[in-house]
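Everything below concerns the one structure shown next.
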Amino acid sequence: MTKGWQLTLVLILLGLFALFYQGLWGDPRHIPTVLIGTDAPMVEGPDVETGDVISLEQFKGKVVLLNFWASWCYECKVEHESVLQLHQLFKDDPNFVMLGVNYQDKLPDAQQYLKEYGTTFPHMRDLHGQIAIDYGVYGVPETFVIDQEGKIRYKYVGPVTGHMYTTITQNIIAPLLKGQPINTKS
Amino acid sequence: MRMSSRFTLILLLILTSPWPLLAEVQDETALDIQVREIAKTLRCTVCQTENIWESGAPLAQQMRGVVRERLKLGHSPEDIKEYFLSRYGDYIMMEPPKHGVNWFIWVGPFILLLGGGLLLYKEVNGWVRGTPSTPAAPPPPLDEQARQRLERELES
């Protein structure tokens, strides 16, 4: 076998190894989204607690955090405390809005969940899964941050806890509220 | 014809008629067929290895609903696929669209097969060429001492 062939073989094997390595150790939650930088779909749905229609349109010009959740979702319970803490941190800023989107759930279960775990911000129901599909949701919990111009700037699949809480609060929401560039690296 | 014979004949006719098959064909409208054809091309994002037609997941069911609604509104199958692509990216398609880096998925296996075949051909060719065409020279005759030792060992 000539040196050229040997080198080609080694390069192919290295390439395959790199692919396997990425598959084995890459974050399965990280599915690149095509929605970053695109206009956030202007969805609407009834409020889980009051039944009044909530529309995203009414929050145009504000930084909006959309959090998809369900009462049957274990990871949603894990992140619930952090999500409430996040709202507590920014709720006094008039340019910040936080909305929950209740996904694939039964109304009594969702209401019971909010009663049990508490809430400080409104939640809309995704009645036919259309909101989730419009936002390219894979499962719950998923969190989106929409800027003042109505563009999706950040998406995270999984519970917003630990370093993700820090990333979303310090690197995404705080800079957006100050009109500064965001840092999407977690 | 006796009453029992008539009953048996009617029962036989009922049992052997292909009615369920007919009912199945009549149940599926042109819209259903279109929904099925489109749904088979879209991946269920919850189950990942199934398309949304075969998946029983609620999200897949809702996606089928979206396909149906859009078809009713007059959207073309291409428009509907484009909508799902705009929400989920190439991942939503059961067959990756043929553009950019996706080409590697389509042509990669053939390139690897061709490369492997060429490599195998070169190696086998090298072995064949390296094999001497004339038989090797006969070994030198045994000396007397070695011949005697061999005979002793064979006898023992």
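Observations
- Of all residues in segment A:105-151, those that are within 10 Å of another protein chain (Cβ to nearest Cβ) and in contact with an Asp or Glu (Cβ under 8 Å, 6 or more places away or on another chain) total 2.
- For the criterion of being more than 23 Å from A:Ala174 (Cα to Cα) and either without any contact (Cβ under 8 Å) to a residue 40 or more places away in the chain or among the small types (Gly, Ala, Ser) (or both), A:Asp47 fails.
- Residue within segment A:21-30 that is within 14 Å of chain B (Cβ to nearest Cβ), under 30 Å from B:Gln48 (Cβ atoms) and either at pLDDT 95 or above or under 14 Å from the mean Cα position of the chain (by Cα) (or both) present: yes
- Just so you know, in segment A:38-60 the residues that are small (Gly, Ala, Ser) and either modelled with pLDDT under 95 or surrounded by 16 or more Cβ atoms within 10 Å (Cβ to Cβ) (or both) include one that is farthest from A:Asp126 (Cα to Cα), and it is A:Ala40.
- Within segment B:38-59, the set of residues being farther than 13 Å from B:Met93 by Cα and more than 10 Å from chain A (Cβ to nearest Cβ) comprises B:Cys47, B:Glu54, B:Ser55, B:Gly56.
The values are calculated or read from the model by the stated rules, or taken from the named source; none is laboratory data. What you see is a predicted model; the values in this text were computed from it and never measured. Note: ideal-geometry Cβ built from the backbone for every residue, glycine included; neighbour counts use all protein chains shown.
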